[in-house]
Amino acid sequence: MKTLWIFAHPESRSLNGMLRTAGIAALRAGGHQVRESDLYAMGFDPVVGHGDFPGRDPGGRLLVGAAQEEAYTTGRLAADIRAEQEKLAWADTVVFHFPLWWFGPPAILKGWFDRVLVQGFAFGVRDAEGRTRRYGDGGLAGKRAMVVTSVGARASGFGPRGIHGFIEEVLFPLHHGTIWYTGMTALPPFVVHGADRAGEQEAAGHRAALCARLHRLETLEPLPFRHEAGGDYDADLVLRDHLAPGRTGLAVHSA
Ligand SMILES: Cc1cc2nc3c(=O)[nH]c(=O)nc-3n(C[C@H](O)[C@H](O)[C@H](O)COP(=O)(O)O)c2cc1C
């Protein structure tokens, strides 16, 4: 297995830093190849900018969308973006590892999505009939991705009726809107709760649990999201009435 481990935490001596070191060591001990993108250590620039497309429209409009695709297909994206795309293309498994900050990934990882997952590479890829491949298909089809994250709150608060919202729904934008949208299957997330209060004993427990989870990485069943092209949605991309009848909300997009 070839795993790309993307780490978005500024402090290597944090709980997450310790989990990252242990997790990668566990994968390597299991015979897996691992490459890393340690975004803070790399000084990764998370802001889409003019430098992303050198030589194109200097000082003028910020070029996104179709212009990103043109820069991608003509090999003119900035070197740091191309390096990340090369690592992604190499990997069959991707780990997105971050502490939950304001209900999502730290901005440095959000910016990695903005700059690296460009049109023509990760999304906006068309099939032979000219249909855009999305949600269960796309430029990153065939890869599997797992979120490893930690939260300050207790597990109960992120439970199905918890005040913070059900963690599966909190992570829906990432799982469904980024991972599944680009064609990757999303594996069940590994979530450390109460991370700010973890003492040495708890941290050791989290480390052991993560290593056990990674041991099963190859056989984990993905989250059961519906394929856009699987017939569950109508021409307006609305879930057909006979599926999850009478229900609305994020959960209806899981079979
Ligand atoms: C900017 C910031 C935003 C945070 N937002 C959340 C949040 O939305 N929900 C939550 O449960 N914890 C939140 N936390 C707590 C972090 O998730 C927690 O500090 C982290 O998981 C601890 O891991 P670490 O010791 O490796 O940093 C936030 C912390 C920071 C610094």
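The values are calculated or read from the model by the stated rules, or taken from the named source; none is laboratory data. Treat the numbers as computed from the prediction; the structure is a model and nothing was measured. Neighbour counts are summed over all protein chains in view; Cβ atoms, including those assigned to glycine, are modelled from backbone coordinates with ideal geometry. Remember, those area values only see protein heavy atoms, side chains included, never the ligands or the DNA or RNA. Shrake-Rupley method; radii C 1.70, N 1.55, O 1.52, S 1.80 Å.
Near Leu15, once Lys and Arg are set to +1 and Asp and Glu to -1 for all other residues with Cβ below 15 Å from its Cβ, the sum equals 0. Annotation: amide H of Tyr181 within the under-5 Å range of Tyr135, Gly136, sequence separation 5 or more or interchain, hydrogens built in the peptide plane.
Rounded to the nearest 5, the antiparallel percentage of DSSP beta bridges internal to the range 2-221 is 10%.
For Val95, the residues whose modelled amide H falls within less than 5 Å of its own, excluding neighbours fewer than 5 places apart on the same chain, are Leu4, Trp5, Ile6, Met146. Evaluate E = 1/(1 + (r/R0)^6) for Ala153 and Ala78, where r is the Cβ-Cβ distance and R0 equals 41 Å; express this FRET efficiency to the nearest 0.05. Using R0 = 41 Å, I get an efficiency of 0.65. All Cα-Cα separations within the range 16-113 were binned at 5 Å from zero, giving a P(r) of 2, 10, 18, 20, 18, 14, 8, 6, 2, 1, each value a whole percent of the pairs. Based on the Stokes-Einstein relation at 10 °C and a viscosity of 1.306 mPa s, and on the Kirkwood radius from alpha carbon pairs, the range 141-230 is assigned a translational diffusion coefficient of 111 µm²/s.
Here the range 2-221 is treated as an ellipsoid with the same Cα gyration tensor; its semi-axes, largest first and in whole Å, are 31, 19, 18. Karplus-based coupling profile of the range 226-234, in residue order and whole Hz: 7, 6, 4, 8, x, x, 7, 10, 7, with θ = phi - 60° in 6.51 cos²θ - 1.76 cosθ + 1.60 and x standing for Gly or Pro. Using the alpha carbons alone, the radius of gyration of the range 79-123 stands to its Kirkwood radius in an Rg to Rh ratio of 0.99.
Once the dipole of the range 2-221 is set up with Lys and Arg at +1 and Asp and Glu at -1 on Cβ about the Cα centre, which of Phe98, Val34, Ser12 lies farthest towards its positive end? Of Phe98, Val34, Ser12, it is Val34.
So which GluC sites (Glu not before Pro) in the range 1-96 end up in coil per DSSP with only 15 or fewer other C-beta atoms within 10 Å? Present the calculation step by step, with values, prior to reporting the outcome.
Values: sites: Glu11, Glu36, Glu69, Glu70, Glu84, Glu86; in loops: Glu11.
When the GluC sites (Glu not before Pro) of the range 1-96 are filtered for loop state and at most 15 Cβ neighbours within 10 Å, Glu11 remain.
Under a 5 Å amide H cut-off, with hydrogens placed 1.01 Å from N, Ser150 pairs with Phe98, Leu100, Val192 among residues at least 5 apart or on other chains.
Whole-Hz Karplus values for the range 68-74 come out as 4, 4, 4, 5, 5, 5, 9 Hz, taken residue by residue from phi with 6.51 cos²θ - 1.76 cosθ + 1.60 and θ = phi - 60°; glycine and proline positions read x.
Run the accessible area of the range 179-255 with a 1.4 Å probe and give the carbon-and-sulfur part as a rounded percent. Carbon and sulfur: 52 percent of the exposed surface of the range 179-255.
Given 0.36 nm per residue, what is the gain on full extension from Ala235 to Thr219 after removing their alpha carbon distance, in nm? Working shown, then result.
On the way: separation 16, 0.36 × 16 = 5.76 nm, distance 3.42 nm.
Roughly 2.3 nm would be gained on extension.
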